[in-house]
Amino acid sequence: METPWFAKRPVSDVRPGDHGWLAYSGPEERDRVIGPFLREGLLTGEKVVYVTDVPAERLPGLGPEAGDEIDIAAAVRKRGLLVVSRDACRDRGGAFAPAMMLDTIAREVEEAFGQGFRAVRITTDYSPLLREAGSDLGRMLGCEHRVGDTVSPSTMAMAICQIDRRACPPDQLNALRDTHEVLVEVNPEFDDGVLKIVRTFEPAGLRIEGELDAARHTVLAETLMRVGAQRGSVHLDLSRLGFIDLGGLNLLARHAVRLPADGSLVLDHLRPNVENLITTVGWHRLPGIARGAGRGLPETEDFA
């Protein structure tokens, strides 16, 4: 079977024509992706269409708790924010009717330019629909293909389809994912073209990519402190870390010994060169550092 091709993109890099996919592990991950998607649209003169039963003032990642100064009520009045009830996307028998939702999306995309909007952002969470008794995966797959057919050729529309990873079995989750070409993730905590630090949620921690040298120790230390303050153990995905200096290893060791007694710094997916360096200096024996799962990319493979 041919492996699907995906582009992984931070949410702020989603652009018109993208039919994006977000399989989230919990509310924090969802809010940190969907919040910026909505917020950036509302702040830049784009139209936001959200199919949900949640009222506008309670949409994920928006509101005072997110530090927003967006006037949500004004956005609704001006039709910059349109919340479409799922009840409007059901047939007379109460079943989800993809065609009804797609008609609404197509109409809003068609009308947006005449209303003065430069683009349309569309999102919905399929989790409640998949949890309904008798959910039809084939119907959902057909819906996703039709959303892609509407969005992908467009110069105005972009979409993120959300789903809670726990809403369906892994094989169904993969089938739904494969109807998309863009996998959307949180914006990086830091990215200067040399080092990139991205929050991860399952397991909780950070993905560190690129090269960690002396000029970037401080930003990693500060990010580790923020993440570690919220939980005991912290996982570091090092599959795309191509270089770390001794100072960087010392930084990880210092952070590990400061963790609570029941916590640890778990190093996942180590690349051979990084693992060899850790083994050589012996820091893998320190309390608080644990060897995690998997192996990273081969040293000869590009990690950029």
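The values are calculated or read from the model by the stated rules, or taken from the named source; none is laboratory data. Fair warning: this is a prediction, and the values are worked out from it, not measured in the lab. Neighbour counts run over all protein chains shown; Cβ positions are idealised from the backbone, glycine included. The protein model used for the area step is the full one, side chains on, heavy atoms only, and it has no ligands, DNA or RNA in it. Shrake-Rupley method; radii C 1.70, N 1.55, O 1.52, S 1.80 Å.
If you put +1 on each Lys and Arg Cβ and -1 on each Asp and Glu Cβ, how big is the dipole of the stretch 64-213 around its Cα centre, in Debye rounded to 20?
My answer is approximately 700 debye.
Determine how many Å³ per residue the convex hull of the Cα atoms of the chain encloses.
Enclosed volume per residue, from the Cα hull, is 153 Å³.
Run the quick spin-label model on K78 and R258: label points 7 Å from Cα toward the beta carbon, then report their separation in nm to one decimal.
In this crude spin-label approximation the distance works out to 4.4 nm.
Explain nothing, just the number: relative contact order of the stretch 7-185, from Cα pairs under 8 Å at least 6 residues apart, as a whole percent.
Relative contact order for the stretch 7-185 comes out at 39 percent.
At 222 nm, what value in deg cm²/dmol follows for the chain if DSSP H runs of at least 4 each add -39500 (n - 2.57) and the sum is divided by all its residues, to the nearest 500?
The per-residue figure over the chain is -10000 deg cm²/dmol.
Any lysines with Cα under 18 Å of the K78 Cα? List them, leaving off those in the same chain fewer than 8 positions away.
K47
Using alpha-carbon pairs under 8 Å, 6+ residues apart, how would you state the relative contact order of the chain in percent?
Normalised by residue count, the contact order of the chain is 19 percent.
Roughly how many whole Å is it from the C-alpha centroid of the stretch 59-114 to that of the stretch 156-178?
19
I'd like the accessible area for L246: 1.4 Å probe, protein heavy atoms, all chains in place, Å² to the nearest 10.
For L246, solvent-accessible area is about 100 Å².
When all alpha-carbon pairs of the stretch 7-185 are counted, what percent fall beyond 28 Å?
Looking at the stretch 7-185, the distances longer than 28 Å represent 16 percent of pairs.
For the Cα atoms of the chain, what angle does the longest principal axis make with the long axis of helix 27-43, in degrees from 0 to 90, nearest 10?
Taking the Cα atoms of the chain, the angle to 27-43 is about 60 degrees.
Accessible area per residue of the chain at 1.4 Å probe, in Å²? Don't jump to the answer; show the numbers that get you there.
On the way: 14700 Å² over 304 residues.
Using a 1.4 Å probe on heavy atoms only, each residue of the chain averages 48 Å².
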